[in-house]
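The values are calculated or read from the model by the stated rules, or taken from the named source; none is laboratory data. Keep in mind it's a predicted model, so treat the numbers as computed, not measured. We place every Cβ from the backbone using ideal geometry, glycine too, and count neighbours over all the protein chains shown.
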Ligand SMILES: [Zn+2]
């Protein structure tokens, strides 16, 4: 069991675009095991590889049961939007209301590289979209209006201060 460090905002790696995983081997298997362990330890419901500094399109999600999605893509199934409060392991202590399409269909690969398809709604759908955003270098705070972003100005500044402190020590 290996718990990896989770990168926090404003780590520049969180803004980078992840590359597809193409080789399914012992190394990718180990990465996925570490991600599952790290997510469980942090009591999160989703984690993208970039959050532990690995720029590959891999995510683990735990809504009803652990789900591994490699190279996921989604299409919106209907126009209904869903607004819910989101949080992120890379933005500790920050939550904000985000609006996203509520029902999606997802194409991905499993941890062995087999193609999988699924439909998701509610929290699972939100979580998958949130993780795919991570793979594209986006955090949920990028979706906020200036007014909603102003509301979390103080905790964001605190995270920036913490990050600077940590990097000056290293
Ligand atoms: Zn996140």
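Checking each residue in the stretch 45-63 for being assigned to a loop (DSSP other than H, G, I, E, B) and without any contact (Cβ under 8 Å) to a residue 60 or more places away in the chain picks out 53, 54, 55.
Could you please let me know if residue 93 is surrounded by fewer than 13 Cβ atoms within 10 Å (Cβ to Cβ), over 30 Å from residue 26 (Cβ atoms) and within 16 Å of the ligand (Cβ to nearest atom)? Yes, satisfied. Residues that are part of a loop (DSSP other than H, G, I, E, B) and free of Cβ contacts under 8 Å to residues at least 40 places away in the same chain were ranked within the stretch 69-84; the one that is farthest from residue 148 (Cα to Cα) is 78. There is no residue in the stretch 22-42 that is crowded, with 17+ Cβ neighbours inside 10 Å, part of a loop (DSSP other than H, G, I, E, B) and out of contact with any helix residue (DSSP H, G or I) (no Cβ under 6 Å at 6 or more places or on another chain). Restrict the check to the stretch 98-109 and report whether at least one residue is assigned to a strand (DSSP E or B) and within 16 Å of the ligand (Cβ to nearest atom). The answer is yes, given that some residue of the stretch 98-109 is assigned to a strand (DSSP E or B) and within 16 Å of the ligand (Cβ to nearest atom). The set of residues from the stretch 125-160 being away from the ligand (no atom under 11 Å from the Cβ), closer than 24 Å to residue 54 by Cα and out of contact with any strand residue (DSSP E or B) (no Cβ under 9 Å at 6 or more places or on another chain) comprises 136, 137, 142, 156, 159, 160. When the test is whether a residue is farther than 21 Å from residue 13 by Cα and outside any strand (DSSP E or B), residue 154 passes it.
Condition first: part of a helix (DSSP H, G or I), within 14 Å of the ligand (Cβ to nearest atom) and either out of contact with any helix residue (DSSP H, G or I) (no Cβ under 7 Å at 6 or more places or on another chain) or within 30 Å of residue 22 (Cβ to Cβ) (or both). Can you find one or more residues in the stretch 117-124 that meet it? Yes; the residues of the stretch 117-124 include at least one that is part of a helix (DSSP H, G or I), within 14 Å of the ligand (Cβ to nearest atom) and either out of contact with any helix residue (DSSP H, G or I) (no Cβ under 7 Å at 6 or more places or on another chain) or within 30 Å of residue 22 (Cβ to Cβ) (or both).
Of all residues assigned to the stretch 21-39, none qualifies as being closer than 19 Å to residue 115 by Cα, within 13 Å of the ligand (Cβ to nearest atom) and modelled with pLDDT of 95 or more.
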